[in-house]
Amino acid sequence: MKESLGVAVDGLARRAVRGLAAGIFVAICAAGPVTKVLLPPARTNAVVALPELALENLLEGSFMKALERSLREVCPLTPLVRGLYCERLHELGWLDAPTVARGSDSWLFLREELAFDAPRFASESLLRKQVFELLQRRLDRKGVRVLVAIVPDKARIQRDRLGTLVYPSSREALTARLAQELRAAGFAVLDLAGTLAGHAKESVWRARDTHWNGAGMTYAAQAVAAEISGLGWAGSAGPEEVLVPLTATTEGVLGDLVLQLGVRPQSTVARSLGEPREGYAVALPGGGGVLPARQPQAKVALAGTSYSEQGFDSLLALALARRVDTGSVHVAWPPVRCAIEALVRIESGELDPGVLVWEFPERLVLSEVWSERQAQLSVR
C-alpha cells in the first residue's frame with residue numbers, strides 16, 4: 001500500500017514539474033509579442049535593421065531569416081533570457097562566446113586575433129598598394145609629413161595572459177608585410193609592438209576590452225613623440241606650448257568584450273567583470289577650458305579609430321607639448337576611412353598640419369573594403 005502511494009505521489013510530482021515547465025514555455029512564447037507591443041525595443045549590439053524586401057532575397061530564403069533575426073533581437077525578452085542563460089554558463093566556466101575567447105586570470109581576447117585569413121590578405125595586396133600610394137601622393141602634394149603608428153594585436157602583446165590559447169605565427173607576418181607596404185608607398189612607419197611588448201608584464205591592455213589601458217596609451221604616445229623628433233619633424237609640428245593634463249578614473253566600466261559575452265550589463269556577473277577606466281583631456285593654462293577636437297590652427301593632426309578616442313589623442317598632445325587636431329578620430333570607422341577624411345579636410349583648407357599621425361590597428365587591415373577606398377581616392 002505504501003509503495004503504491006509513493007508511486008502515485010512520485011507520478012503527481014513529475015506531472016507537476018512537467019506542467020510547470022510547459023507553463024513557463026507557453027508564458028515565454030506568449031510574452032514575446034506582448035513585450036514587443038508594450039515595452040520599448042531592445043537596444044543591444046545584436047540588434048540589426050529590418051532587411052530589404054527584394055524578390056531575390058525572398059526566393060533564396062535569406063529575407064525570412066534576416067527578418068526573424070531582426071524581430072527576435074529587438075524583442076525586450078531576448079536579451080533577458082539570453083543574459084540569464086549566459087550568466088549561468090559563465091558562473092560554471094562554460095561560457096564560450098562566438099567572438100570572444102577566454103585567456104588566463106579572467107582575461108578576454110577577440111577570436112579574430114587568434115586566426116588569420118592569409119589568402120584574403122594576399123589577394124588584397126594590390127588594392128592596398130594602390131590605396132596607400134594614392135593617399136600618400138595627395139598628402140605629399142599638400143606638404144604633409146605622415147607617420148603611421150601601427151597598433152598591434154592585444155593577443156600579440158599580452159601573450160602571458162593567453163593561457164591555453166595560441167597566437168598564430170601566420171599573423172606575425174601581418175604587421176611586417178603591412179609596414180613594408182606602407183613604407184613602399186612613402187609613409188614613415190612606427191610599429192608600436194616593440195614599445196608595448198617591453199611593458200607587457202605590467203599590462204598595457206585592459207583585461208576585458210579590446211583597447212589599451214592608460215599605461216599602454218602613455219607609452220605609445222611617448223614613442224610617437226620620440227619618433228617625430230627622431231625623424232627631424234619637430235619644426236613641422238609647430239612650436240611647443242604649455243598644456244594642462246586632465247585625468248579621471250571611472251570604476252567598474254564594462255569592457256567591449258564583456259558586452260559580447262551576452263550577459264546583461266546590469267547583472268551581478270557583469271559587475272564582477274568591470275574594470276577601472278582612465279579618462280584624459282587637455283586644457284590650456286589659466287582656466288581656458290578643455291581643448292575641442294577640431295583645432296584648425298594645429299600643426300599636428302591625428303587620424304585614428306577608437307584606440308585614439310580612448311585617450312591616446314590627449315596623451316599624444318601632452319607628449320608633443322603641442323595642440324593636436326583630432327577631428328578625424330572616429331570610433332566606428334576603419335583606419336583608412338579616417339585618414340581619407342583627414343585628407344579631405346586638408347585639401348579643403350580646413351586643416352594645414354605639418355605632421356599627420358595616422359593610428360592604424362593591425363587587426364583592422366582585414367576589415368577594410370579596399371575597393372571602396374580606392375574609388376574614394378580616385379575621385380578628386
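Side notes on the structure shown:
- Verdict on GLU359 being of a type outside the set (Ser, Thr, Tyr), at pLDDT 95 or above and surrounded by fewer than 19 Cβ atoms within 10 Å (Cβ to Cβ): no
- Take the conditions (1) surrounded by 19 or more Cβ atoms within 10 Å (Cβ to Cβ); (2) part of a helix (DSSP H, G or I); (3) hydroxyl-bearing (Ser, Thr, Tyr); THR326 misses just one of them, which is (2).
- Residues in segment 105-121 that are in a helix (DSSP H, G or I) and either in contact with a Lys or Arg (Cβ under 9 Å, 6 or more places away or on another chain) or in contact (Cβ under 8 Å) with a residue 24 or more places away in the chain (or both): GLU112, GLU113, LEU114, ALA118, ARG120, PHE121.
- Test: residue in segment 160-183 that is under 17 Å from GLY214 (Cα atoms) and at pLDDT 95 or above: no
- Among the residues of this structure, ARG102 does not count as one that is over 25 Å from the mean Cα position of the chain (by Cα), surrounded by 13 or more Cβ atoms within 10 Å (Cβ to Cβ), modelled with pLDDT of 90 or more and not aromatic (Phe, Trp, Tyr).
- Note on segment 147-206: among residues that are surrounded by fewer than 22 Cβ atoms within 10 Å (Cβ to Cβ) and of a type in the set (Asp, Glu), the one that is nearest to ILE228 (Cα to Cα) is ASP191.
- The listed residues are LEU192, LEU174, LEU127, and the only one of them that is over 26 Å from ALA298 (Cβ atoms), within 21 Å of the chain's Cα centre (by Cα) and not basic (Lys, Arg) turns out to be LEU174.
- Qualifying residue in segment 329-352 (condition: of a type in the set (Gly, Ala, Ser) and in contact with a Lys or Arg (Cβ under 6 Å, 6 or more places away or on another chain)): no
- When residues of segment 345-372 are limited to those that are more than 22 Å from the chain's Cα centre (by Cα), of a type outside the set (Gly, Ala, Ser) and assigned to a loop (DSSP other than H, G, I, E, B), the one farthest from GLY238 (Cα to Cα): GLU350
- Count of segment 136-185 residues, restricted to those that are β-branched (Val, Ile, Thr), in contact with a Gly (Cβ under 9 Å, 6 or more places away or on another chain) and part of a loop (DSSP other than H, G, I, E, B), is 2.
- Scoring LEU302 on the criteria (1) in a helix (DSSP H, G or I); (2) on the phi < 0 side of the Ramachandran plot; (3) not charged (D, E, K, R) leaves a single failure, condition (1).
- Residue count, segment 227-240 (criterion: surrounded by 12 or more Cβ atoms within 10 Å (Cβ to Cβ) and over 29 Å from the mean Cα position of the chain (by Cα)): 6
- If the condition is being farther than 20 Å from GLU113 by Cα and in contact with a Phe, Trp or Tyr (Cβ under 8 Å, 6 or more places away or on another chain), then segment 187-197 contributes only PHE187.
- Looking across segment 201-239, the residues that are in contact with a helix residue (DSSP H, G or I) (Cβ under 8 Å, 6 or more places away or on another chain), charged (D, E, K, R) and in contact (Cβ under 8 Å) with a residue 40 or more places away in the chain come down to LYS201, ARG208, ASP209.
So that you can scan it fast, the table gives a plain yes or no per residue for (1) in contact with a strand residue (DSSP E or B) (Cβ under 7 Å, 6 or more places away or on another chain); (2) outside the structural domain of ASP140 (by TED's automatic domain parsing); (3) in contact (Cβ under 8 Å) with a residue 40 or more places away in the chain; (4) crowded, with 20+ Cβ neighbours inside 10 Å:
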| residue | (1), (2), (3), (4) |
| --- | --- |
| GLY262 | no, no, yes, yes |
| GLY274 | yes, no, no, no |
| GLY287 | no, no, no, no |
| LEU316 | yes, no, yes, yes |
| LEU320 | yes, no, yes, yes |
| SER348 | no, no, no, no |
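The values are calculated or read from the model by the stated rules, or taken from the named source; none is laboratory data. A quick note: this is a predicted structure, and the numbers were derived from the prediction, not measured. Glycine gets a Cβ as well: all are built from the backbone with ideal geometry, and neighbour counts include every protein chain shown.
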